[in-house]
1. For L120, L227, which order do you get if you count the other beta carbons within 10 Å of each Cβ and list the fewest first?
2. Using the basic label-point model (7 angstrom from Cα toward the beta carbon), what is the K252 to E64 distance in nanometres?
3. When the C-alpha atoms of segment 31-147 are aligned to their principal axes, what extent does each axis show, in angstrom, from largest down?
4. Straight-line reach from K65: which lysines have Cα under 16 Å away, leaving out those fewer than 8 places along the same chain?
5. Hey, what's the per residue convex hull volume over the C-alpha atoms of segment 10-261, in cubic angstrom?
6. Name the residues whose placed amide hydrogens come within less than 5 Å of the amide hydrogen of C158, ignoring near sequence neighbours (fewer than 5 apart) on the same chain.
7. For the chain, what is the relative contact order in percent, using Cα pairs closer than 8 Å and at least 6 residues apart in sequence?
8. Could you work out the relative contact order of segment 134-262, using alpha carbon pairs under 8 angstrom and six or more residues apart, expressed as a whole percent?
Amino acid sequence: MTTSASSSAKTIAIANQKGGVGKTTTSINLAASLAKKRKKVLIVDSDPQGNASSGVGVKTRNLEKHLYHAYTGGDIDLSDICQKTSFTNLEILPSNIDLVAAEIELIDVPSRESRLKNILSSFTDKYDYIIIDCPPSLGLLTINALTASDSVLIPMQCEYFAMEGLAQLINTIRSVKKSFNKTLFIEGLLLTMFDSRNNLTHQVSDELKKHFSKQLFKTAIPRNVRLSECPSHGKTIFDYDPKSTGGEAYSKLANEFLKNQR
Ligand SMILES: Nc1ncnc2c1ncn2[C@@H]1O[C@H](COP(=O)(O)OP(=O)(O)OP(=O)(O)O)[C@@H](O)[C@H]1O
Ligand SMILES: [Mg+2]
């Protein structure tokens, strides 16, 4: 059953400039879990790798229209670009490698940091949540995502350089807040690929608890092979293996996320 959005969407950037920390896995499966709970959700694939798009079954090579066209075109109707997924209540604004060019073409454009905010502005009443999957960089695409968002969710893998990366990201969030988006806040830090048998996991998570206790999600996402398998089938974990530890964890994360919204 589909539902209609009640008011303006809350927009959340899933960001961390470190590569491979679970941004896309979190974007897809948090979005799907919210959609399962009858929220209308749009994933914005703001990464030229197009992983969020292919992860929900979009063939990125054959795309006629994608986020690049919204970034660089004049009067583009977003409903021509957004696609339904096989998952009820879940839509995607897809991307592919062409999005690399948008970052270059935007360099001389005035208000280049607010382009995505403007693109999405006419669309926010269609959804309850818009989830933006960011690329692994702090370039213009991520700055646009942070400027367009109400909050930022930071997936973190418990590894040696995680804290250094977080410090850089927090500095970037501070500058975006100062210059473009005064009300931006940190939705939460999420531990991903959590492996309780690994000592480093405990060291990093203890450190995070010490410094960010209020912002750290209680739910951690365990390392789970089913989560790494499902993108190659173009399926969310809820289509692929909802009873897996990964599926249960993303469902729990959505509950915690929704509880925090009250
Ligand atoms: N909890 C998990 N358990 C096992 N594998 C995972 C888990 N989360 C993500 N992965 C796998 O780890 C890899 C990186 O995850 P993902 O693509 O979500 O990270 P990312 O931060 O979006 O990467 P990038 O920075 O390249 O965009 C992928 O192969 C993914 O399937
Ligand atoms: Mg990714």
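FYI, it's all coordinate maths here, none of it is from the lab. Just so it is clear, the structure is predicted and the values come from calculations on it, not from any experiment. Here the Cβ is made from the backbone with ideal geometry for all residues, glycine too, and neighbour counts use every protein chain on show.
1. By the 10 Å Cβ count, ascending: L120, L227.
2. Modelled inter-label distance: 4.5 nm.
3. 41, 29, 27
4. Within reach: K84.
5. Considering the Cα atoms of segment 10-261, their hull volume per residue is 115 Å³.
6. Amide H to amide H, under 5 Å and 5 or more residues apart or across chains, C158 pairs with T192.
7. That works out to 26 percent.
8. Worked out over segment 134-262, it gives 21 percent.
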